[in-house]
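Below is one structure, written out as structure tokens; comments come after it.
The values are calculated or read from the model by the stated rules, or taken from the named source; none is laboratory data. Quick caveat: nothing in here was measured; it's all calculated off a predicted structure. Here the Cβ positions follow ideal geometry from the backbone for every residue, glycine too, while neighbour counts run over all protein chains shown. Areas reflect the complete protein model, heavy atoms only, side chains present, ligands, DNA and RNA absent. Shrake-Rupley method; radii C 1.70, N 1.55, O 1.52, S 1.80 Å.
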Amino acid sequence: IANFNTFTDVLARNSDRIEGLLGGLEKLTGGGSSKSTAPTYDVTAVKDFSKPSETPSWQLVIPEPSALLALNSDKIKVRPADGAESTDIPDARWSDNIPILLQEKFLQSFENAGYSQAVSRPRDGFEAAYQLALDIRSFSLVSGAEPTGELEFEAKILGPGGKIIAAKSFHTTAPASGADAPAAAAALNQAFAKAATELVPWAVEAIKNAP
């Protein structure tokens, strides 16, 4: 009991130092609350589509797109026009990693076009004859005198047995009003809207005409 009393007395006399030490360890390990939160930006799924005249008879899955490691991030990327290495806009991020974000928004665009019963992510209980495979090549602000939001990807429709029945390269751009995070996010959102407006009818037509 005497030793316990001595120990508690030492803790009481050094409480400020102990709290400082624990706070430092918490920051070092990434714990604790951040004083500032980086603003989060999102992409908007396209809604302006002509609805299908009949219920589709096909089923389509959209797996998570493939991308290089540099694009598998929630950072807003900036790529110099001269082809130099990409950088990130500091203190800003997307609502999810780029491949997952684009997968979700392309899927929502198909749903908005009237294909909710025909399109899904890969999941148990959903058997689809077709798959939309996407490979993201660029989703970045291209810097320069006239900064531009750029989305570039390869799309392939895979049929039964994994056979490629259609493929197309998509490259869309939109002017940015500046090089800061809000301007970059707005331009990339516009580039996505253009791409989704092209991708959805192309994929539907490719599946309809599949042998």
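Descriptive notes on the structure:
Yes/no matrix, rows are residues, columns are (1) under 19 Å from residue 210 (Cβ atoms); (2) in contact (Cβ under 8 Å) with a residue 24 or more places away in the chain; (3) of a type in the set (Gly, Ala, Ser):
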| site | (1), (2), (3) |
| --- | --- |
| 134 | yes, yes, no |
| 145 | no, no, yes |
| 152 | no, no, no |
| 156 | yes, yes, no |
| 160 | yes, yes, no |
| 170 | no, yes, no |
| 174 | no, yes, yes |
| 181 | no, yes, yes |
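- Scanning the range 104-148 for residues that are on the phi > 0 side of the Ramachandran plot and either open to solvent by 40 Å² or more (accessible area, probe 1.4 Å) or part of a strand (DSSP E or B) (or both) yields 125, 144.
- The set of residues in the range 162-174 that are in contact with a strand residue (DSSP E or B) (Cβ under 6 Å, 6 or more places away or on another chain) and open to solvent by 40 Å² or more (accessible area, probe 1.4 Å) comprises 164, 165, 167, 168, 169, 171, 173.
- Complete set of residues in the range 149-161 that are open to solvent by less than 30 Å² (accessible area, probe 1.4 Å) and aliphatic (A, V, I, L, M): 151, 155, 157
- Test: residue in the range 91-99 that is farther than 14 Å from residue 192 by Cβ and out of contact with any Phe, Trp or Tyr (no Cβ under 8 Å at 6 or more places or on another chain): yes
- Subset tally (residues that are open to solvent by less than 30 Å² (accessible area, probe 1.4 Å) and either touching a Leu at 6+ places or on another chain (Cβ under 8 Å) or not in a helix (DSSP H, G or I) (or both)) for the range 81-103: 7
- Complete set of residues in the range 115-141 that are more than 30 Å from residue 70 (Cβ to Cβ) and of a type in the set (A, V, I, L, M): 118, 128, 129
- Candidate set from the range 102-147 (those that are among the acidic types (Asp, Glu) and in contact with a Pro (Cβ under 9 Å, 6 or more places away or on another chain)); member that is modelled with the lowest pLDDT: 146
- Tallying residues that are open to solvent by less than 20 Å² (accessible area, probe 1.4 Å), among the small types (Gly, Ala, Ser) and more than 19 Å from residue 57 (Cα to Cα) within the range 179-211 yields 8.
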